[in-house]
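Everything below concerns the one structure shown next.
No lab work stands behind these numbers, since they all come straight from the coordinates. These numbers come from a predicted model, not from an experiment. Note that each Cβ is placed from the backbone with ideal geometry, even for glycine, and that neighbours are counted across all protein chains shown.
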Amino acid sequence: MIISVWRYSHLTLAISSFLLLTIASVTGIFLAFEPVIEKSRDYKAASFDTLTLAQTVPLLKEKFPGIQEVSVDDHQFVLVKYAAEEGGDQQVYVDPATGKVLGIPTEKLPLFQWMTTLHRSLFIHETGRILMGITAFLLILIAVSGIFLVVQRQNGWKNFFSNVEKTGFAQYYHVVFGRISLFFILAIALTGTYMAVYRFMPTPGKASALIDESQIKEEPLKELSEFTVLQQTPLSSLQKLQYPFSDFPEDYYNVQLKGRELCINQFTGDILAQQNYTKTYQLANFSLRWHTGRWGTIWALLMALASAYILFFIYSGFAITLKRRRGRSKNKFKAKDARILILVGSENGGTFKFADAIYTQLIRHGEKVFITDLSNFTAFPNAEQLVIMTSTYGQGDAPSNAKRLADRIRQYPQGQTIQYSIVGFGSRSYSRFCQFAFDIEKLLQKTSWANPVLPVYTVNDKSPQDFSGWMTEWTHKTGFSMLMPRELLEPDTADLKKLSVTSRTNPDEEASFIIQFKSSQLRHAVSGDLLAIYPRNDHRERLYSIGKVDKNIQLSVKLHEHGLGSSFLNHLQQGDIIKAKLVKNQHFRFPKKTKKVIMVSNGTGIAPFLGMITENRRKIPIELYCGFRNRSSFTLYEPFLNKQLSKGNLASLSLVLSREEEKEYVSHRLLKNSDAILQCLKNGGVIMLCGSLSMQNDVMKVLEDICSVEDPMRLPELVAQGKILTDCY
Amino acid sequence: MKLIIKSLIAFSLFFISSAGMAQTSSYKCMIQMNSYQGEKAYVIISLINRKGEYEKTLRVLGPDKQWFNTLKEWYKFQTKSKEKISAVTGASIGGGDRAVVTLAIDSKKLNAGYTLRFESAVEEKLYHTKDAEVPLTTAGLAAKTDGKGYIRYVRFSGS
């Protein structure tokens with residue numbers, strides 16, 4: 001809930017200000033180069049920091065008889081303005097120690113003038129200034145809500161700068177760039193806002209207004225260099241000094257220093273009046289320097305970079321939002337008004353395709369439908385029909401967006417009778433086919449309000465026939481009209497890439513073989529990712545773990561007699577080309593920073609590890625426990641692993657055989673080595689599991705036993721911290 | 001035909017300006033502003049002829065062309081005459097500040113019925129067409145002239 005508040009405000013603010021923000025950022029990038037160009041001319045004199053006004057002011061008056069004022073800019077260049085003998089006013093940069101002319105200031109480029117006016121006021125004067133002020137203020141709120149979103153994403157302030165989970169380009173860099181540049185953007189926004197607000201504050205009084213003209217003396221006459229106040233003031237604190245215009249006694253030296261303004265009697269050197277600058281004024285000056293980057297070249301360039309980041313944020317932010325909106329939460333009706341509810345459970349979004357298709361059809365027929373995640377189950381006062389479409393995760397578990405369903409059903413007993421129908425999605429090749437769908441059925445049977453309209457329907461391998469079977473039955477029973485959506489009849493061929501077979505082995509005694517592909521389109525595949533292949537060019541998809549070996553995608557395949565995927569792969573010969581899709585598997589990656597990795601596999605589960613071991617350039621000690629039935633099935637990997645051992649990429653190898661010799665499973669072997677396992681976990685090492693789900697269960701039980709020696713609570717924690725990684729099927 | 005006219009104009013302009021330059025006098029002028037709240041003021045100093053019409057822009061104190069149209073009377077003359085003013089622009093002047101400028105004026109215009117007009121405007125505030133007016137006479141330039149708007153007074157000294 002809290003997340004959505006921050007996200008919602010972050011998005012609302014961004015939408016309401018993005019147009020003006022874009023203008024401000026683009027012009028801001030350009031304007032940042034103005035101080036950089038200025039500074040690059042470097043008229044700063046070497047003696048600048050040691051001089052006092054008593055040395056500088058008389059000298060410049062002597063060198064420039066028509067002198068009107070001397071000023072020091074943010075780059076500490078000393079500028080003299082004087083009436084030239086040949087007529088007209090002149091401005092030159094000088095060396096304050098010698099009066100030597102160093103250069104002539106150039107006029108502000110028309111481009112910068114134009115950009116400044118656009119940046120400050122959009123060419124629409126006061127209204128524009130107020131608009132840009134509001135934009136700056138919104139930027140503060142965007143930055144602050146952004147900071148909180150990062151904190152939430154990273155589970156606390158402590159992890160603010162720790163690794164970000166890599167999910168899609170826009171999302172990843174939105175967060176990664178965000179964390180660094182947020183603070184610079186906040187500085188831009190705060191100073192910009194303050195300058196806008198400052199316009200409505202009273203300006204500080206002028207020292208000249210405090211002069212009592214009747215008290216001005218003309219004696220004792222002093223030399224300019226003898227004026228105490230000039231002797232006590234270093235040149236570095238000067239902003240501007242105006243020489244008296246005439247010999248009239250009421251004329252004076254006007255001196256603007258960093259913190260105050262003075263009027264000095266031109267004959268006696270007495271201070272006629274003094275005005276300290278207010279805090280609000282000094283803060284405005286400070287804001288101006290920081291906001292414009294006049295403080296220094298590096299800061300100015302950082303400002304330019306931060307402005308460029310804002311543009312990237314605008315792009316990536318909207319990209320993320322569009323992606324998030326697509327397919328989901330496009331609800332036309334509210335949950336409380338809906339007659340038909342579609343609740344979806346899906347781990348990687350596949351089931352949404354089906355749910356969305358029927359949602360769209362029902363809406364088109366004018367039905368009041370509401371679609372959401374199973375975890376969002378709540379009170380639905382007007383619901384008559386409930387359709388649950390869900391996949392199953394692992395061995396019969398709830399997908400991550402359905403985990404809270406059981407609790408929520410208990411929490412929200414519905415007030416009226418609701419008819420329901422459950423559709424389970426899965427593949428018959430798993431023993432617990434559609435288990436979670438049946439579990440939901442049991443949950444609903446216990447309630448007083450749920451009435452089944454149909455038994456649980458299962459859809460094997462996203463089969464359109466299976467789905468259309470349910471659809472016919474459901475429309476028949478409920479009276480809603482629907483046709484099989486065409487998009488479900490066609491295979492999901494988006495993102496398919498070409499791969500060509502570079503080499504393969506023949507099936508060994510255990511019918512296992514290795515096949516390698518190369519693909520210019522899949523160079524970014526990483527060991528641990530999955531390759532989805534479509535053996536019949538239809539909706540049926542098979543996933544294989546990738547090991548990246550010598551830049552090739554390598555799969556370890558066990559040939560099953562009627563296996564759809566394995567026999568398809570077995571028919572391939574060197575040079576053949578197939579189409580497949582890469583499925584990223586972020587949670588199963590070789591850890592970048594760890595002291596030790598223990599890899600545990602059985603059978604073809606060794607596939608991703610073969611890639612990870614060859615890529616172990618940092619020589620992190622890896623211990624591999626691999627289980628096979630017979631020694632002969634290991635011969636496929638033996639030469640390769642021996643080479644890795646001799647190279648030092650692999651620290652140790654434990655071969656575990658289940659049908660020969662010691663006849664044990666990897667879990668047994670781990671238990672035997674429990675001291676080493678415990679040591680590894682205690683030192684922050686990582687354990688990776690890949691293979692069958694039953695192996696995962698056995699190994700997890702063993703790990704639980706090993707951990708319970710130390711602290712019974714540790715195993716779930718280790719899983720949560722990513723110290724135990726699993727990819728089992 | 002057009003070309004001939006153009007060259008004639010160019011030639012005569014050149015003649016007039018070079019003839020004028022020989023007899024130009026420089027006047028140092030100090031503008032003391034009142035203490036007022038708000039943005040810096042744009043001040044324009046113009047030479048006004050005997051008929052009370054604008055003849056020449058002597059100085060524009062204000063950097064941004066976007067704001068020139070707020071000084072309406074002068075702007076009308078400016079757009080009509082298409083006078084080049086980029087050489088005589090400078091910074092605007094804040095409340096309570098003073099600015100010193102050197103004006104180059106044709107000596108023949110002194111004591112010949114001309115006036116120096118100081119008009120001023122502040123963003124989103126009042127515009128003063130005749131904030132201060134100084135008769136271009138020996139006596140007028142010697143005196144201190146009070147302003148009616150953002151300008152407190154104007155003072156000259158020859159050089």
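If you sort the three axes of the alpha carbon gyration tensor as a ≥ b ≥ c, you get a/c of 1.5 or more for segment A:571-645 and a/b no higher than b/c, which makes it oblate. How about segment A:445-531: which trypsin sites (Lys or Arg not before Pro) there lie in a loop by DSSP and see at most 10 other Cβ atoms within 10 Å? Answer by residue number: A:LYS446, A:ARG523.
Shown here: segment A:349-481, whose C-alpha atoms stretch 39, 32, 23 Å along the first, second and third principal axes, sorted largest to smallest. Calculate the length of the line joining the C-alpha centroid of segment A:266-295 to that of segment A:583-625, in whole Å. Taking the Cα centre of segment A:583-625 as reference, the centre of segment A:266-295 is 63 Å away.
Count charges around A:PRO220 for me, please; just the other residues with Cβ under 14 Å from its Cβ, Lys/Arg as +1, Asp/Glu as -1. Write out the running numbers ahead of the final one.
Values: positive: A:LYS217, A:LYS222; negative: A:GLU218, A:GLU219, A:GLU223, A:GLU226, A:ASP270.
That sum, taken over residues with Cβ under 14 Å, equals -3.
Placing a label point 7 Å from the Cα of B:SER35 along the Cα-to-Cβ direction, the residues of segment B:91-117 whose backbone N falls under 16 Å of that point are B:94-98.
For the pair segment B:42-79 and segment B:118-144, the centres of their Cα atoms are 12 angstrom apart. As a length-normalised measure over Cα pairs under 8 Å and 6 or more apart, the relative contact order of segment A:5-83 settles at 22 percent. Prolate is the label for the protein assembly as shown, because a/c, from the alpha-carbon gyration tensor with a ≥ b ≥ c as root eigenvalues, is 1.5 or above and a/b exceeds b/c. Exposure proxy ranking for A:LEU109, A:LEU20, based on other Cβ atoms within 10 angstrom of each Cβ and starting from the fewest, stands as A:LEU109, A:LEU20. Peptide packing: for A:244-254, A:714-724, the average count of neighbouring Cβ atoms within 10 Å per residue gives the ranking A:244-254, A:714-724, highest mean first.
Could you give the dipole magnitude of chain A about its Cα centre, charging the beta-carbon of Lys and Arg +1 and that of Asp and Glu -1, in debye to the nearest 20? Walk me through the numbers on the way to the answer.
Values: 83 positive and 67 negative charges, 553 e Å.
Value, rounded to 20: 2660 debye.
Taken about its Cα centre, segment A:240-377 carries a charge dipole of about 1400 debye when Lys and Arg each add +1 at the Cβ and Asp and Glu each add -1 at the Cβ. The shape of segment A:349-407 can be summarised by an equivalent ellipsoid whose semi-axes, obtained from the alpha carbon gyration tensor, come to 23, 15, 7 Å from longest to shortest.
Can you tell me how much longer the chain between A:ASN382 and A:ALA676 gets when fully stretched, taken as 0.36 nm per residue apart minus their C-alpha distance, in nm with one decimal?
Values: separation 294, 0.36 × 294 = 105.84 nm, distance 5.92 nm.
Answer, rounded to one decimal: 99.9 nm.
Estimated from helical segments only, the mean residue ellipticity of chain A at 222 nm is -12500 deg cm²/dmol, where each DSSP H run of four or more residues counts as -39500 (n - 2.57). Placing one identical point scatterer on every Cα of segment A:95-219 and ignoring solvent, what is log10 I(q)/I(0) from the Debye formula at q = 0.10 Å⁻¹? Results for segment A:95-219 at q = 0.10 Å⁻¹ read -0.64.
Restricting the calculation to Cα atoms, segment A:446-571 yields a radius of gyration followed by a Dmax of 20.0, 60 Å.
The mean count of C-beta atoms from other chains within 10 Å of the C-beta of residues in A:82-92, rounded to a whole number, is 4.
As a length-normalised measure over Cα pairs under 8 Å and 6 or more apart, the relative contact order of chain A settles at 8 percent. Kirkwood radius and radius of gyration were both taken over the C-alpha atoms of segment A:219-284, and their ratio Rg/Rh is 1.00.
Spin-label pair A:PHE148-A:ALA319: with each label point 7 Å from Cα along the Cα-Cβ axis, the two points sit 2.7 nm from one another.
Between A:LEU559 and A:LEU19, take the C-beta separation as r, use R0 = 51 Å, and let me know the FRET efficiency to the nearest 0.05.
Details: r = 60 Å, r/R0 = 1.17.
That pair, A:LEU559 with A:LEU19, gives E of 0.30.
Take the Cα of B:THR137, go 7 Å toward its beta carbon, and none of the backbone nitrogen atoms of segment B:53-74 fall under 13 Å from that spot. How would segment A:426-501 be classified by its alpha-carbon gyration tensor: rounded, prolate or oblate, with rounded meaning a/c under 1.5 and the a/b versus b/c comparison settling the rest? Oblate shape, in that a/c is at least 1.5 and b/c is the bigger or equal ratio.
Which value in Å is the Kirkwood Rh of segment A:521-653 over different Cα pairs?
Numbers: mean 1/r = 0.0633 Å⁻¹.
One over the average 1/r among Cα pairs gives 15.8 Å for segment A:521-653.
Note down the Stokes-Einstein diffusion coefficient of segment A:233-349 in µm²/s, whole number, using a Kirkwood radius over alpha carbon pairs, 20 °C, and 1.002 mPa s.
Details: Rh = 20.8 Å.
Here the translational diffusion coefficient equals 103 µm²/s.
If I stretch the segment between A:ILE104 and A:ASP576 completely, what's the gain in nm (0.36 nm per residue apart, minus their alpha carbon distance), one decimal?
On the way: separation 472, 0.36 × 472 = 169.92 nm, distance 7.28 nm.
Between A:ILE104 and A:ASP576, full extension yields an extra 162.6 nm.
Straight-line reach from A:LYS61: taking Cα to Cα under 13 Å and skipping same-chain neighbours fewer than 8 places apart, the aspartates and glutamates in range are A:GLU69, A:GLU223. What does the net charge come to around A:PRO110 if you take all other residues with beta carbon closer than 14 Å to its beta carbon, with K and R at +1 and D and E at -1? Its environment carries a net charge of -1. Axis of helix A:435-445 versus longest Cα principal axis of chain A: the two differ by about 90°, to the nearest ten degrees.
For A:201-209, what's the mean count of beta carbons from other chains sitting within 10 Å of each residue's beta carbon?
On the way: counts 1, 1, 8, 3, 3, 8, 1, 7, 5.
Mean partner shielding for this stretch: 4.
The long axis of helix A:638-647 is offset from the longest Cα principal axis of chain A by roughly 30 degrees.
If you plug the beta carbon distance of A:LEU141 and A:MET201 into 1/(1 + (r/R0)^6) with R0 = 22 Å, you get a FRET efficiency near 0.50.
Just subtract the alpha-carbon distance of A:GLU213 and A:ARG404 from 0.36 nm times their residue separation and send over the number in nm, one decimal. Can you show the working numbers first?
Values: separation 191, 0.36 × 191 = 68.76 nm, distance 8.22 nm.
Answer, rounded to one decimal: 60.5 nm.
Remark: spin-label model distance A:LYS498-A:LEU111 equals 4.5 nm, labels positioned 7 Å along the Cα→Cβ axis. Taken along the Cα-to-beta-carbon direction at a fixed 7 Å, the label points for A:GLU223 and A:PHE333 span 9.7 nm. The angle between the Cα long axis of helix A:464-478 and the main principal axis of chain A comes to about 90°, on a 0 to 90 degree scale. Estimated from the Cβ-Cβ distance and a Förster radius of 51 angstrom, the FRET efficiency linking A:ARG486 and A:SER654 is about 0.45.
Going by neighbour counts of Cβ atoms within 10 Å, the residues A:GLU86, A:GLU347, B:GLU119 line up, fewest first, as A:GLU86, A:GLU347, B:GLU119. Take every DSSP beta bridge whose two residues both sit in chain A; close to 55 percent of them are antiparallel.
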